[in-house]
1. Over the chain, what is the mean sequence separation of C-alpha contacts under 8 Å (at least six apart), divided by residue count, expressed as relative contact order in percent?
2. Using 1/(1 + (r/R0)^6) with R0 = 41 angstrom and r between the beta carbons of residue 85 and residue 22, what's the FRET efficiency to the nearest 0.05?
3. How large, in Å, is segment 81-161 by the Kirkwood hydrodynamic radius built from its alpha-carbon pairs?
4. Counting C-alpha atoms alone, how compact is the chain: give Rg to one decimal and Dmax as a whole number, in angstrom.
5. Note down the nm distance, to one decimal, between modelled labels 7 Å out along Cα→Cβ at residue 44 and at residue 6.
6. Could you pull out which residues in segment 99-116 have an amide N less than 18 Å from a spot 7 Å beyond the Cα of residue 57, following the Cα-Cβ vector?
7. For segment 6-61, take the alpha-carbon Rg, divide it by the Kirkwood Rh, and send me Rg/Rh.
Amino acid sequence: MIKHATTEDLPIIMHLIEEGRKKMIAQGNTRQWTKGHPTQEQVLEDISRGNSYLIMENDEAVCTFALVAGPDETYAKIYDGSWPNDAPYYVIHRVASSPSARGMMRQILDYAFTKASTIRIDTHEDNHTMRCLLEKNGFTYCGIIHLANGDPRLAFAKTIT
């Protein structure tokens, strides 16, 4: 089950993000989610805008993600490639899950595609797990975008018809 997160869920969301950070480091991705990113303030903003979600299993939160309606300003310029279309889209951000959780990306994508037929997502070049998940789920590499702080990210998109 997927539910909107509330401010009461903030501690579990931050715990899941910390678990995600540990997983990334263990998999050799030491340069993403550093310096306290994503921040508690960012998560609170996601919650206040209705963009923060939890996947629940047996009344326990096992995954968190943000699903945000575009346009996303960091996606306005793409380098060394292009977006496949200009259709309205949603963006998936800040995916993190408990160590034992399996199949979370499939659930996130199934839910996201109920909101829009085009989904965009970006990830750090060192996040091989996310890159594999995106490829496995039919996403196409589109180019490089830059976050607000200037950091580059690999950008992907998928459109269903």
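1. Details: 259 pairs, mean separation 37.4, N = 161.
Relative contact order for the chain comes out at 23 percent.
2. Numbers: r = 37 Å, r/R0 = 0.89.
In this case the efficiency is close to 0.65.
3. Values: mean 1/r = 0.0754 Å⁻¹.
About 13.3 Å for segment 81-161.
4. Calculated on Cα positions, Rg and Dmax stand at 14.8, 44 Å.
5. Output for this residue pair reads 1.8 nm.
6. Only 99-111 fall inside the zone, counting backbone N under 18 Å.
7. Numbers: Rg = 12.2 Å, Rh = 12.2 Å.
Ratio of gyration radius to Kirkwood radius for segment 6-61: 1.00.
Every number here is computed from the coordinates shown, using simple stated rules; none is lab data. On a predicted model such as this, the values are computed, not experimentally measured, just so you know. Because the Cβ atoms are built from the backbone with ideal geometry, glycine has one as well, and the counts that use them run over all protein chains shown.
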